[in-house]
1. Name the residue that is farthest from the chain's Cα centre (by Cα), counting only residues in the stretch 92-107 that are among the charged types (D, E, K, R) and within 17 Å of Ala70 (Cα to Cα).
2. For the stretch 90-105: of the residues being free of Cβ contacts under 8 Å to residues at least 24 places away in the same chain and surrounded by fewer than 15 Cβ atoms within 10 Å (Cβ to Cβ), which is nearest to Lys41 (Cα to Cα)?
3. Ala94 - would you say it is assigned to a loop (DSSP other than H, G, I, E, B) and either more than 18 Å from Tyr6 (Cβ to Cβ) or not hydroxyl-bearing (Ser, Thr, Tyr) (or both)?
4. From (1) closer than 30 Å to Asp4 by Cα; (2) surrounded by 16 or more Cβ atoms within 10 Å (Cβ to Cβ), pick out the condition that doesn't hold for Arg45.
5. Which of (1) surrounded by 16 or more Cβ atoms within 10 Å (Cβ to Cβ); (2) aliphatic (A, V, I, L, M); (3) out of contact with any helix residue (DSSP H, G or I) (no Cβ under 6 Å at 6 or more places or on another chain); (4) closer than 19 Å to Arg3 by Cα does Leu34 not meet, given it meets every other one?
6. Quick check on this structure: which one of Val71, Val54, Val50 is within 26 Å of Ala20 (Cα to Cα), more than 16 Å from the chain's Cα centre (by Cα) and at pLDDT 95 or above?
7. Restricting the search to the stretch 59-82, which residues are surrounded by fewer than 20 Cβ atoms within 10 Å (Cβ to Cβ) and not in a loop (DSSP other than H, G, I, E, B)?
8. Answer yes or no as to whether Thr89 is more than 25 Å from Asp124 (Cβ to Cβ), under 13 Å from the mean Cα position of the chain (by Cα) and of a type in the set (Val, Ile, Thr).
Amino acid sequence: MFRDVYSGRLKLQGEESHEALHAATNYASSLAELKRFEEAKKLLRKALPVARRVLGEGHELTLRMRWCYAVSLYEDPDARLDDLREAATTLEDAARIARRVMGGAHPLADGIEIHLRLSRAALDAREKSA
């Protein structure tokens, strides 16, 4: 269903519309929840540069996309060490921006912070086992 909504938004409004970017975020989140990490990463690698350009780094939707992308990186059981590093770096940057733009008590900033800790733990565990 999310794929169909995203596809429809692309056709009707184009990839730069807020609606299409929102649909891409929902679709990628559902893919990540279904553990279809490669598909989520592929979609977000395409949509994130558009969101950054159109909405800006500090927009809530851009931050949500970055959060979802990082989760898709570090929760993937096939993640490489570089993927785990990228996830932590992405979340560090997103957390800094979210705190600055929305404040540390905002639910989005809080959620990113939680996943930042989880991604760092995954990275530490992998580095110790290597």
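The values are calculated or read from the model by the stated rules, or taken from the named source; none is laboratory data. Predicted model only: the values in this text are computed from it and were never measured. Note: ideal-geometry Cβ built from the backbone for every residue, glycine included; neighbour counts use all protein chains shown.
1. Restricting attention to the stretch 92-107, the residues satisfying the condition of being among the charged types (D, E, K, R) are 92-93, 96, 99-100.
Okay, now just the ones that are also within 17 Å of Ala70 (Cα to Cα), so 92-93, 96.
Numbers: Glu92: 12, Asp93: 12, Arg96: 15 Å.
For the stretch 92-107, the residue satisfying everything is Arg96.
2. Arg96
3. no
4. (2)
5. Result: Leu34 passes all but (1).
6. The conditions single out Val54.
7. Residues satisfying the conditions are Glu60, Leu61, Leu81, Asp82.
8. no
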